[in-house]
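Below is one structure, written out as structure tokens, with a few remarks after it.
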Amino acid sequence: MEIRFVSFGTIEIEGRRYEHDVILDGGAVRKRRKGPSKPHRGRFGHTPLSVEEPIPWTGKRLIVGTGATGQLPIMPEVYEEARRRHVRLVALPTEEACRLLSATAAGEATAILHVTC
């Protein structure tokens, strides 16, 4: 799958541009629904990734793009859930995560990509 970080706030997946956070699961792209994580914002200064969100646990590896400057907080419970499910969680700034995903075979990983900060 061709994925690239275009600029702050924009990524491109298979030629289509997205200006919001996305989830990649089984070849499908959908908008990240971060509402369930918003109650934790006060603790982090930013809406974190929490286990309350619908995280795609279907792959052996979950790649999280943490934003243009790597500022997306990932709550410890997400790491714990990944370990419990035997899913390798890889957290990288979104530009690096996009390069990694582009080099990853289809079906080998799922992803959550944060497009700002």
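Can you put Tyr18, Tyr79 in order of Cβ neighbours within 10 angstrom, beginning with the fewest?
Taking fewest neighbouring Cβ atoms as first place, the list is Tyr79, Tyr18.
Which entry in (i) 39; (ii) 34; (iii) 54 is this structure's computed percent of Cα pairs over 20 Å apart?
Matching the structure shown: (ii).
Determine, for each peptide in 109-117, 31-39, the mean count of other beta carbons within 10 angstrom over its residues, then list the peptides with the highest first.
Numbers: 109-117: 22.6, 31-39: 14.0.
Put in order of decreasing packing, that is 109-117, 31-39.
For the pair Arg88 and Ala103, how long in nm is the line joining their label points, each one 7 Å along Cα→Cβ?
Modelled inter-label distance: 1.3 nm.
How large is the dipole of the chain about the Cα centre if only Lys and Arg carry +1 and Asp and Glu carry -1, each at its Cβ, rounded to the nearest 20 debye?
That gives a dipole near 240 debye.
Among DSSP beta bridges lying fully in segment 3-114, give the percent that are antiparallel, nearest 5. Display every interim value, and only then the final one.
On the way: 14 of 25 bridges.
Expressed as a percentage, antiparallel bridges in segment 3-114 total about 55.
Going by average Cβ density within 10 Å per residue, which order do the peptides 86-97, 59-70 take, highest to lowest?
Ranking the peptides 86-97, 59-70 by packing returns 59-70, 86-97.
Just to verify a number: FRET efficiency for Arg41 and Glu12, C-beta to C-beta distance, R0 = 30 Å, to 0.05?
The pair Arg41/Glu12 has a calculated efficiency of 0.60.
Between Tyr79 and Cys117, what FRET efficiency comes out of the Förster formula 1/(1 + (r/R0)^6) with R0 = 22 Å and r the beta carbon distance, rounded to 0.05?
The calculated FRET efficiency here is 0.60.
Counting only other residues whose beta carbon sits under 14 Å from that of Glu95, what net charge do I get with K and R as +1, D and E as -1?
Net local charge, Glu95 excluded: 0.
A short reminder: the numbers here are calculations on the coordinates, not readings from a lab. All of these numbers come straight from a predicted model, not from anything done at the bench. Quick reminder, even Gly has a Cβ in these numbers, built from the backbone with ideal geometry, and neighbours come from all protein chains shown.
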